[in-house]
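Undergrad: A single structure is presented below for examination.
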Amino acid sequence: VQLQASGGGLVQAGGLLRLSCATSGRTFFTYTVGWFRQAPGKEREFVAAITISGTHYADAEEGRFTISRDNDKDTVYLQMNSLKPEDTAVYYCAARMGSGTYRIRFANEYDYWGQGTLVTVSS
């Protein structure tokens, strides 16, 4: 599975961005897809994930970010609203087979990773 993340950029605080994670594969809709981010000098952290049965968010992002998928396009989106300077990071999408939620927030539980897209939020 190859993942292609895109949509990052420079935005002012309070603005919005939509990230995309595209792939190809007839069974991609069965995969769990997660978004993680890594700011300079910090560890990679969980942002959101989507399974065939639901969505999951980091506590700080719930209500501001929305993860969704378009199975016809084999693409998962991360809509980010009310962006803050502390949201500045490289955002990665990742995928793993199946729809289980066990350790869904842990980066090392994902098998496939995209290349990352940089989001910069200015104050």
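Undergrad: So if I check each of TYR91, TYR57, which one is open to solvent by less than 50 Å² (accessible area, probe 1.4 Å) and in contact with a Gly (Cβ under 7 Å, 6 or more places away or on another chain)?
TA: One residue alone meets the criteria, TYR91.
Undergrad: Can you work out which of the residues in segment 102-119 that are loosely packed, with under 15 Cβ neighbours inside 10 Å and touching a residue at least 60 places away in the same chain (Cβ under 8 Å) is farthest from THR51 (Cα to Cα)?
TA: Among those that are loosely packed, with under 15 Cβ neighbours inside 10 Å and touching a residue at least 60 places away in the same chain (Cβ under 8 Å), it is LEU118.
Undergrad: I've got another one for you. I'd like the full set of residues that are open to solvent by less than 20 Å² (accessible area, probe 1.4 Å) and either touching a Gly at 6+ places or on another chain (Cβ under 6 Å) or polar (S, T, N, Q) (or both), limited to segment 24-38.
TA: THR32
Undergrad: ALA49: part of a strand (DSSP E or B), in contact with a Lys or Arg (Cβ under 9 Å, 6 or more places away or on another chain), open to solvent by less than 50 Å² (accessible area, probe 1.4 Å) and among the hydrophobic types (A, V, I, L, M, F, W, C), yes or no?
TA: yes
Undergrad: Determine if segment 75-87 includes at least one residue that is touching a Ser or Thr at 6+ places or on another chain (Cβ under 7 Å), among the hydroxyl-bearing types (Ser, Thr, Tyr) and open to solvent by less than 40 Å² (accessible area, probe 1.4 Å).
TA: Yes, the conditions are met somewhere in segment 75-87.
Undergrad: Hey, another quick one. Does GLU86 satisfy the criteria of being closer than 19 Å to GLY14 by Cα, at pLDDT below 95 and not basic (Lys, Arg)?
TA: Against the criterion (closer than 19 Å to GLY14 by Cα, at pLDDT below 95 and not basic (Lys, Arg)), GLU86 does not qualify.
The values are calculated or read from the model by the stated rules, or taken from the named source; none is laboratory data. Small disclaimer: the values here were computed from a predicted structure and weren't measured. With ideal geometry, Cβ positions are generated from the backbone for all residues, glycine too; neighbour counts draw on all protein chains shown. When the accessible area is computed, the model is the full protein with side chains, heavy atoms only, and any ligands, DNA or RNA have been set aside. Shrake-Rupley method; radii C 1.70, N 1.55, O 1.52, S 1.80 Å.
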